[in-house]
Amino acid sequence: MMSDQAALFEYLLRLGDNALILGHRLSEWCGHSPALEEDLALSNVALDLIGQTQLWLNLAGDVEGRGRDADKLAYLRDARDFRNVLLVEQPNGDFAATMARQFYFDAWHYLLLRELTGSKDSRIAEIAAKGLKEVTYHLERSREWVLRLGDGTEESHERMQTALDDLWMYTGELFETDEVDQAMIRSGMGPDLSTLHEPWLGLMHATAEEATLTLPQPGWAQRGGKRGMHSEHLGYILADLQFLQRAYPNATW
Amino acid sequence: MMSDQAALFEYLLRLGDNALILGHRLSEWCGHSPALEEDLALSNVALDLIGQTQLWLNLAGDVEGRGRDADKLAYLRDARDFRNVLLVEQPNGDFAATMARQFYFDAWHYLLLRELTGSKDSRIAEIAAKGLKEVTYHLERSREWVLRLGDGTEESHERMQTALDDLWMYTGELFETDEVDQAMIRSGMGPDLSTLHEPWLGLMHATAEEATLTLPQPGWAQRGGKRGMHSEHLGYILADLQFLQRAYPNATW
Amino acid sequence: MSPEERAFQDRVDQDIKIEPKEWMPEAYRKTLIRQISQHAHSEIIGMQPEGNWITRAPTLERKAILLAKVQDEAGHGLYLYCAAETLGVTRDELMEQLNSGKAKYSSIFNYPTLTWADIAAIGWLVDGAAIMNQVPLQRCSYGPYSRAMVRICKEESFHQRQGYDAMTKLARGTPEQKQMAQDALNRWWWPSLMMFGPSDAESVHSAQSMRWKIKINTNDELRQKFVDQTVPQAEYLGLTVPDPDLKWNAGRGQYDFGEVNWEEFYQVISGNGPCNRQRLRTRVKAYEEGRWVRDAADAYAAKKGARAKAQAA
Amino acid sequence: MSPEERAFQDRVDQDIKIEPKEWMPEAYRKTLIRQISQHAHSEIIGMQPEGNWITRAPTLERKAILLAKVQDEAGHGLYLYCAAETLGVTRDELMEQLNSGKAKYSSIFNYPTLTWADIAAIGWLVDGAAIMNQVPLQRCSYGPYSRAMVRICKEESFHQRQGYDAMTKLARGTPEQKQMAQDALNRWWWPSLMMFGPSDAESVHSAQSMRWKIKINTNDELRQKFVDQTVPQAEYLGLTVPDPDLKWNAGRGQYDFGEVNWEEFYQVISGNGPCNRQRLRTRVKAYEEGRWVRDAADAYAAKKGARAKAQAA
């Protein structure tokens, strides 16, 4: 069995890596989004996520106790050591795909952080409380866009439906519980992820209905990210993300 | 004034980097091209260019005498130390853009290597002779595609014309002579690049006419690549190209 | 059996190659088309996981080797589509079947290549398994397929050696490289065993295909042969095959090995592998975006032909 | 001068702000629209060279700072388009002018960002020059523009400090970082000086704009001020300003400096900078690809409005 400390380290990497990789994807939009207002809003979300990355990964480094801080963890691990879910590394696609990815994630993220505010580990509870405020707004915003695009024009409806369908298979992983999650449940540090599924589905159904969209049927779930089994996209993200740290190994910036 | 050895080193970097970066761009097509025959053909050209890269950069490393071989030069320099012309780092765009870039480059490359077969430096003459055979075929092929697309369908004609127009401003740099080129001329190692312009233009005009295309007017030339002043595209190429060597600095593969 | 069928089977039994214009049973033709085109599609889709590392190969030599290999796969695809065309189907028809998701391809290409070691592992294991399947097919009854296999096998065994060589470099490299190599073996071992298909007991069509000599060995025979060949190679590299049940059986003179997870196999086959959607979309995108180029080439050829004709007249 | 013009000029002379609904000379309105929208466009196009390094920023903190900065530029664009809209033009009209290549934007954004040091240099030099231009405009005669400038200047000076801080890290860093910093200074110095526009002798409209107080200082005054402020900063960093003619003039109490290459300036202005085409295309692409999203948002708002109305009825 995994030690509690090892499980906690893994768990914090998952939280941090989700924020890091999704923040990276969102930051790719900066300067290319459909309207200035969206450049502002997407950057806001990305900034929140980068901030959360720092908090989670610094804590992860503390827990690990090998002198790695958030930057070292973000910039000097290769893809197999990343622990984000597959959903967040999926390419931006069109604006509908970005919003579908965001809505799926935000809803889960919100439910998770809400639980984590009650973590027995006060460091986790604090970071979660700070994050929860931000994510409440993220969710409001991505939900609003699902409504707008779903119930907007014929084209936007079709694109939004395609996006929901395409990304659906990456949502199952969010609710799976493995030995890391079990350890967190045992120690009262983290929730049983499977209990988030029902409220999450409730929000999905209500939103899809209001948006005149059809939520995909429960089906086979793509998994692996939490264990470092990623899609082929992550490597390219890291090539850009880590270039300077890799190319100038002893520099400070 | 630059020493002859320093000039030769720079000159060889230019030759090697042109081949490296264009080979990289072409290899991006592999598995994505319009037909299997093109996957084969584009890969062939890319393979020739990778081979030429090895020859030029190994020679550059010898001339420099600091123990750098082709791999060290290809994988451990940052963008500002690359010496390829801007043309070859331009994105693939559609197939017409790739073929316009290739035709512009192949025609120049052919004329240059033909001159270099007469270089007083026998090492250069030998590499050029080997390369010339390959590039003769590259030129035949890219010229054929300019004809096919120019005189194909209305859509292909329009795309080919746009591609010729868009990339034209990167061709001027090919014929400019700076102090490195001057040193090569003085020592009888390399040709006066400006003398290649007329035969190059001749081929361009003849091909454009046959292809029912209009060659852009001589105009302002984009320059800088030969001195390491690149476009914003090169950094992203290097992030991918160099990832493994940067991430695992002491490994052999 | 009709007299024609009888005569056909006699020729097959005598190892006389069947050629395109000869009579053959409709089921033989159909089975062959399916088998050859699946093989062709596998070559084409197989370009993607390996192509994924061309721009990131760690040295110029490795880059050239990998690019040449993926190029060979395009070439194999071409030979095989040509072989299939001799049976009365066009490449475009076959491509449409692939693009629409109707046609199958080797399931192993629905796994992602996550590190450079995966490229080595694919060469060593996946090409190794492919060769195991293909070597006997050099002797298959259909002439064009048999001849395509001769060319392909030669190149595949070259790829397999290159893959093993790349793996050797990793296994003898830094601790990180060694770990990368082991990790790749862990992920590609079972999917490689699945490449031989379900156990013969489960396998449909097998008996008839063997009578027709378009299948020469049973799936289980080939799988056993692959394990017996590959396990010592892994040992030589100091890598551990991820199968707790694996052990040498002195009595049989072969390795015993664990049960393949066929549930996973059927999941991946039915579209639920890690990369099924991505692979198909990438293919369709390349095909659709290339349409105007192919159209232009056709239009140009037609114009050129017409001009030549006009000049001749 | 008509009585209206007289009254208008009096108010300007007395430093009373002109507000949107008041009478103003048509030329004043037009000049302001041009000036404000050029400024807005510069903010928008300026997002690209810096945005180019967001995904490659070297630390999480630098990434956050850069992203926030580029976000601020989008915000500045918004304020400024709003200020322009008070003069009777829509944001869409202005965007179309930008996309069609009709409208100008600050020429400096047509240079590429080649290394991370360019990001530092842009903050330090380009924002430094921008502030020099903008601080006096806080006192300009048109109310909405003047108020936008107040907000913008506050943020810009924050950016400038961050840029200088990033440059300091490089200049005090490894030899490679130091070289990167010097190289960036070499490339951005002259384009920064060009940001103040041609010498006043050459500058059209200047006199009238100064009478209207929509231009407060001459180009040459501001350029001099920028040089005087920046040269000591460069010295403090141990970097060399790439101007052989630069030297302290004790008599004037100012620096003498070399002649700007106005030929290059006019080349870049007229479309021949390193990135003009790329910048415009990227902008047009974002705008065009975003159309369906904006349309959907409009359609949704209309439906929602109609439903609310129906419910109220």
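Take the alpha carbon atoms of the stretch C:281-313, find their center, do the same for the stretch D:256-313, and report the distance between the two centers in whole angstrom.
If you average the Cα positions of each part, the centres end up 37 Å apart.
Which net charge results for the neighbourhood of residue C:298, defined as the other residues with beta-carbon distances under 12 angstrom from its beta-carbon, given Lys and Arg at +1 and Asp and Glu at -1?
+3
Between residue C:284 and the same site in the other copies, what are the distances in nm, shortest first, taking label points 7 Å from Cα along the C-beta direction?
3.0
Going by amide H atoms built from the backbone, whose H comes under 5 Å of the H on residue D:142, apart from near neighbours?
Placed amide hydrogens put D:18 under 5 Å from residue D:142.
So what are the ³J(HN,Hα) numbers for the stretch D:172-181, from phi and the Karplus equation (6.51, -1.76, 1.60; θ = phi - 60°), rounded to whole Hz, Gly and Pro as x?
9, x, 5, x, 5, 5, 4, 5, 4, 5
Per-residue ellipticity at 222 nm for chain C, helices alone: DSSP H runs ≥ 4 residues times -39500 (n - 2.57), over residue total, nearest 500 deg cm²/dmol?
Working: 13 runs with 205 residues, N = 313.
It lands at -21500 deg cm²/dmol.
Averaging sequence separations of C-alpha pairs under 8 Å and six or more residues apart, then dividing by the length of the stretch D:144-303, give the relative contact order as a whole percent.
Relative contact order for the stretch D:144-303 comes out at 17 percent.
Classify chain C from the C-alpha gyration tensor, please: rounded if a/c falls under 1.5, else prolate or oblate depending on whether a/b exceeds b/c.
oblate
Could you give the distance between the Cα centres of the stretch D:156-207 and the stretch B:226-250, to the whole Å?
Taking the Cα centre of each part, the stretch D:156-207 and the stretch B:226-250 sit 25 Å apart.
When 1/r is averaged over all different Cα pairs and the result inverted, which Kirkwood radius in Å belongs to the stretch B:4-247? Show your work: numbers first, answer last.
Working: mean 1/r = 0.0553 Å⁻¹.
That comes to 18.1 Å for the stretch B:4-247.
Compute the acute angle (0 to 90°) between the alpha-carbon long axis of helix A:36-64 and the principal axis of greatest extent of the alpha-carbon atoms of chain A; round to the nearest 10°.
30
Quick one: with all protein chains in place, what share of the accessible area of the stretch B:76-211 is carbon or sulfur, to the nearest percent (1.4 Å probe)?
Numbers: 2550 of 5040 Å².
Ligands and nucleic acids excluded, carbon and sulfur reach 51 percent.
Rounding to the nearest 20 debye, state how big the charge dipole of the protein assembly as shown is about its Cα centre with +1 on each Lys and Arg Cβ and -1 on each Asp and Glu Cβ.
That gives the protein assembly as shown a dipole magnitude of about 340 debye.
Given R₀ = 56 Å, what would the calculated FRET efficiency be for residue C:313 paired with residue D:34, taking r from the Cβ atoms and rounding to 0.05?
0.30
Taking the Cβ of residue B:111 as the centre, find all other residues whose Cβ is under 13 Å away and add up their charges (Lys, Arg: +1; Asp, Glu: -1). Please list the in-between numbers first.
Numbers: positive: B:114; negative: B:106, B:115, B:192, B:198.
Net local charge, residue B:111 excluded: -3.
Take the alpha carbon atoms of the stretch B:187-217, find their center, do the same for the stretch D:67-137, and report the distance between the two centers in whole angstrom.
Taking the Cα centre of each part, the stretch B:187-217 and the stretch D:67-137 sit 40 Å apart.
Quick check: pseudo-label points 7 Å beyond the Cα along Cα→Cβ at residue D:10 and residue C:92, how many nm apart are they?
8.2
Using modelled backbone amide H atoms (1.01 Å from N, in-plane), which distant-in-sequence or interchain residues come within less than 5 Å of residue D:103's amide H?
The answer is D:98.
So if we plug the beta-carbon distance of residue C:207 and residue C:104 into 1/(1 + (r/R0)^6) with R0 = 22 Å, what FRET efficiency do we get, rounded to 0.05?
0.60
Search the structure for amide H atoms under 5 Å from the amide H of residue C:254, placed 1.01 Å from N in the peptide plane, and list their residues when 5 or more places away or on another chain.
C:249
Report, to the nearest whole %, how much of the accessible area of the stretch C:186-245 belongs to carbon and sulfur atoms, 1.4 Å probe, protein only.
Heavy-atom surface of the stretch C:186-245 belonging to carbon and sulfur, 1.4 Å probe: 53 percent.
How long are the semi-axes of the equivalent ellipsoid of the protein assembly as shown, defined as square roots of 5 times the Cα gyration tensor eigenvalues? Whole Å, largest first.
53, 38, 31
Could you grab the relative contact order for chain D? Cα pairs under 8 Å, six or more apart, rounded to a whole percent.
Answer for chain D is 18 percent.
Calculate one ³J(HN,Hα) per residue across the stretch D:59-67 by plugging θ = phi - 60° into the Karplus curve 6.51 cos²θ - 1.76 cosθ + 1.60, and present them in order as whole Hz with x for glycine and proline.
9, 5, 5, 4, 4, 5, 4, 5, 4
For residue B:137 and residue B:214, FRET efficiency with R0 = 30 Å and r from the beta-carbon atoms, rounded to 0.05?
So the FRET efficiency works out to roughly 0.65.
If the label for residue D:96 sits 7 angstrom from Cα along the Cα-to-Cβ line, what are its distances to the same label in every other copy, in nm to one decimal, shortest first?
Between copies, matching label points for residue D:96 lie 4.4 nm apart.
What are the nm distances, shortest first, from residue D:263 to its equivalents in the other copies, labels at 7 Å along Cα→Cβ?
Ordered by increasing distance: 7.6 nm.
Which whole-number value in Å² is the accessible area per residue of the protein assembly as shown, probe 1.4 Å?
About 39 Å² of surface per residue is accessible.
Starting from the 7 Å offset along Cα-to-Cβ, what nm value, one decimal, do you get for the label separation of residue C:262 and residue A:129?
5.6
Could you go through the stretch B:144-150 in sequence order and give the Karplus-derived ³J(HN,Hα) for each residue, using 6.51 cos²θ - 1.76 cosθ + 1.60 with θ = phi - 60°, rounded to whole Hz, and x for Gly and Pro?
In residue order, the calculated couplings are 4, 6, 4, 5, 4, 6, x Hz.
So what is the 222 nm mean residue ellipticity for chain B from helices alone, if each DSSP H run of at least 4 adds -39500 (n - 2.57) and you divide by all residues, rounding to the nearest 500 deg cm²/dmol?
-21000 deg cm²/dmol
Using a basic spin-label model with each label point 7 Å from the Cα along Cα→Cβ, how many nm lie between residue D:229 and residue D:26?
3.8
Within 10 Å of each Cβ of D:71-81, how many other protein chain Cβ atoms are there on average?
Taking all residues of D:71-81 together, the mean is 4.
Under the definition of Cα pairs under 8 Å and six or more residues apart, what whole-number percent is the relative contact order of the stretch A:4-247?
With pairs under 8 Å counted, the relative contact order is 25 percent.
The values are calculated or read from the model by the stated rules, or taken from the named source; none is laboratory data. If you're wondering where the values come from, they're calculated on a predicted model, not measured in any experiment. Note: ideal-geometry Cβ built from the backbone for every residue, glycine included; neighbour counts use all protein chains shown. These accessible areas exclude ligands, DNA and RNA; they are computed on the full protein's heavy atoms, side chains included. Shrake-Rupley method; radii C 1.70, N 1.55, O 1.52, S 1.80 Å.
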